[in-house]
Structure formats: structure tokens, C-alpha cells
Amino acid sequence: MVAGILAALLSFVFAKIFGEPQVALAIAFEAAQDAAAGAAPEPEMVSRGVQASWGLLTAVLMYGAAYGGIFAIVFAFSYQRLAALSPRSMALLLAGIGFLTFVLIPDLKYPPNPPAVGQEETIALRTEMYFAMVGLSIAISMISLSVGRALSNVIGCWNATVCSIVLGLVLVAAVQFGLPDINEVPDNFPAVVLWRFREASIGMQIVLWSVLGLVFGALAEKCLPSPNGAMRKTA
């Protein structure tokens, strides 16, 4: 969880520098649209200043701590089971799998959107579809890893890895094709703002998972010997 909190702090800095300006532009667009339509602005439950500072920091810290705890559980289960890797290598491998599973694959189907994008009546549907995509992504990762492990003793580690990757890509394509598309971006919404917001969202996740893997691996290596090292000492 310490590694997750540190990763969250750096992600907050990234989001503050690259993400918040795009959010402000999207909110300004939404306000201009409401003013042009003669609609009264919605009352703020939480001020914009708090949202962009302490609110964002609190959310990111909780997010990072939660993922740090889950990451530790998965690491403890995987260490010395999946492969004879050092703690740092295992942590980086799991961080990469976590980024693909929880971020990249779901976001390819349902990318994050800034304010003013999306309709209120479809919030429930969009939420359900996104979490369904996350669940399917987890299932695809588990299936691919299981198939790779089963085939490694038959066709070798390299060929098994290639087969598991191909299987994962096929399953991802099938799921992406099967789930419904949701496109609620207004026609006059600035394309640059949308693109940069999504870039910032992905960049924030890259920072989070990269730092989590690097810091967790460094801390774990101080407590755990590598499997190869342990075997050499035993021998």
C-alpha cells in the first residue's frame, strides 16, 4: 500500500499538470452550451477548487492504496508460482498485466470522457458496460495466462507465450465487437480537448502502474530473495 500511495502521489502531479486544464476547458464548454440554451447552471455540491485539489488528491490516494493492497495479494500468490523471476521482475510483469487488464483493454472500448460528454439518462448503462468490460478483461487475462502455462510444457515457453498473446487478442477483439458502442460526444465538442483529456487519463494510469511496479519490486526485493538465488543457496 505504501507503493500504491507513492504511485498515487506522482499520478496526482501528472493529472494536475496535464489533466486538469482539459477538465477546465470541458467545463467551460458545458457552461457556454447551457448559457446558449438559457439553462441555469447546476449548483456545485463541491467547489471546483476543491475538486481540482484536495478532492482529486483524496480520490487518487484511495485509488492507489486500494490497488497497492490488491497488487500485494496478487504478488504473494504469483511469486514462485508463475515463473522463477526476481521480485522486481515479477512486480513489473504484474504491473504490466494490471495496466492492460484494468486500464488499456477497457478503455479501448469505453474510453474516459471529460465533462459535457455523455447523457444523464445513460449513466447507468455506461457504468454497467464499463465494469462488464473490466470483468471480461480480467477473465481474458486469466484464460490467456492459464493456456500459456498449460502449453509451455508441450511447445516450449516462447511458443506458448505467443499462443497466449494471440488468444488474448482474439478474445479481446470478440468482446469489443460484441459489446454495444456508446458514442455521446457532442458534434461541436472540441476534438483537441477530448483527445488530450484521454491522453492525460491514460498517461496518469501509466504513471500509476509503472511507479507501483517499480517501487513495490524494489521494496519486495529487500525482503524476498529471488527464486533462482534461493535455489542456488539451497544447493
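The values are calculated or read from the model by the stated rules, or taken from the named source; none is laboratory data. Bear in mind the structure is a predicted one, so any value in this text is a computation, not a measurement. All Cβ positions, even for glycine, are placed from backbone atoms using ideal geometry, and neighbour counts span all protein chains on display. When the accessible area is computed, the model is the full protein with side chains, heavy atoms only, and any ligands, DNA or RNA have been set aside. Shrake-Rupley method; radii C 1.70, N 1.55, O 1.52, S 1.80 Å.
Data table
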read-out	value
Subset of segment 50-69 [modelled with pLDDT under 80, open to solvent by 50 Å² or more (accessible area, probe 1.4 Å) and not polar (S, T, N, Q)]	50
Any hit, segment 70-92, residues being modelled with pLDDT of 85 or more, within 16 Å of the chain's Cα centre (by Cα) and outside any helix (DSSP H, G or I)	no
In segment 184-200, the residues that are within 21 Å of the chain's Cα centre (by Cα) and open to solvent by 60 Å² or more (accessible area, probe 1.4 Å)	195, 196, 198, 199
Matching residues, segment 114-128, being surrounded by 12 or more Cβ atoms within 10 Å (Cβ to Cβ) and either within 18 Å of residue 169 (Cβ to Cβ) or out of contact with any Lys or Arg (no Cβ under 8 Å at 6 or more places or on another chain) (or both)	114, 115, 116, 117, 122, 125, 126
All helices (runs of 4 or more DSSP H) inside segment 94-213 with 1 or more residues being without any contact (Cβ under 8 Å) to a residue 24 or more places away in the chain and more than 30 Å from residue 20 (Cβ to Cβ)	123-155, 157-178
When residues of segment 135-182 are limited to those that are of a type in the set (S, T, N, Q) and exposed (fewer than 14 other Cβ atoms within 10 Å of the Cβ), the one nearest to residue 99 (Cα to Cα)	146
